[in-house]
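Q: I'd like to ask some things about the structure below.
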Amino acid sequence: MTCAEFLKELTDYLDDALDSRTRAELEDHLVWCHECFVVCDTTKKTISIYRESKLYELPDDLRGRLHNAIVSKCKSKKPDAAAPDDKSKR
Ligand SMILES: [Zn+2]
């Protein structure tokens, strides 16, 4: 099995949708190919983070406030933006 073949089957492998023979071939490839092992491992972790994050769904209003906070933080990141609080404190 080549790396291209491996990557083609990877999503089915992670979905547990492969027959046992193809599955065995993929696992055999993982033994000697470090690159595919890393890809497989990273994808697996990404999927599990995604699945776990569903358990911690944020309440809508908190999500909105968080979103606004992030957006306003990004907007204030202009290079010439002096801290707006400075003048009013004097
Ligand atoms: Zn490979």
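Q: Using +1 at the C-beta of Lys and Arg and -1 at the C-beta of Asp and Glu, which of LEU62, LEU10, VAL39 has the Cα lying farthest in the positive direction of the dipole of region 3-75?
A: It is LEU62.
Q: While we're looking at this one, here's another question. What's the carbon and sulfur percent of region 12-67's accessible surface, probe 1.4 angstrom, rounded to a whole number?
A: 56 percent
Q: Sticking with this one: Taking all protein chains together and a probe of 1.4 Å, list TYR13, TYR50 from the most accessible to the least accessible.
A: Final ranking, largest accessible area leading: TYR50, TYR13.
Q: I've got another one for you. Once the other residues with Cβ under 12 Å from the Cβ of ALA69 are scored (Lys, Arg +1; Asp, Glu -1), what is the net sum?
A: That sum, taken over residues with Cβ under 12 Å, equals +4.
Q: For ASP61, what accessible surface area do you get with a 1.4 Å probe? Give it in Å², rounded to 10.
A: It works out to around 100 Å².
Q: When only DSSP loop residues count, what GluC sites (Glu not before Pro) in region 1-64 have their Cβ near at most 16 other Cβ atoms within 10 Å?
A: Counting only loop positions with at most 16 other Cβ atoms within 10 Å, the GluC sites (Glu not before Pro) in region 1-64 are GLU57.
Q: Hey, rough spin-label estimate for ALA69 and ASP16, points 7 angstrom out along Cα→Cβ, what's it come to in nanometres?
A: Each label point is offset 7 Å from its Cα along the Cβ direction, giving 3.7 nm.
Q: Tell me the label-point distance for the pair THR42, ALA24, using the 7 Å Cα-to-Cβ offset, in nm and rounded to one decimal.
A: Using points 7 Å along Cα→Cβ, the separation is 3.1 nm.
Q: In Å², and per residue, what accessible area does region 3-75 have when probed at 1.4 Å with the other protein chains present?
A: Per-residue value: 81 Å².
The values are calculated or read from the model by the stated rules, or taken from the named source; none is laboratory data. Note that the structure is predicted; figures quoted are calculated from it, not measured. Ideal geometry is used to build each Cβ from the backbone, glycine not excepted, and the neighbour counts take in all protein chains shown. Just so you know, the surface numbers come from the protein's heavy atoms only, side chains and all, with ligands and any DNA or RNA stripped out. Shrake-Rupley method; radii C 1.70, N 1.55, O 1.52, S 1.80 Å.
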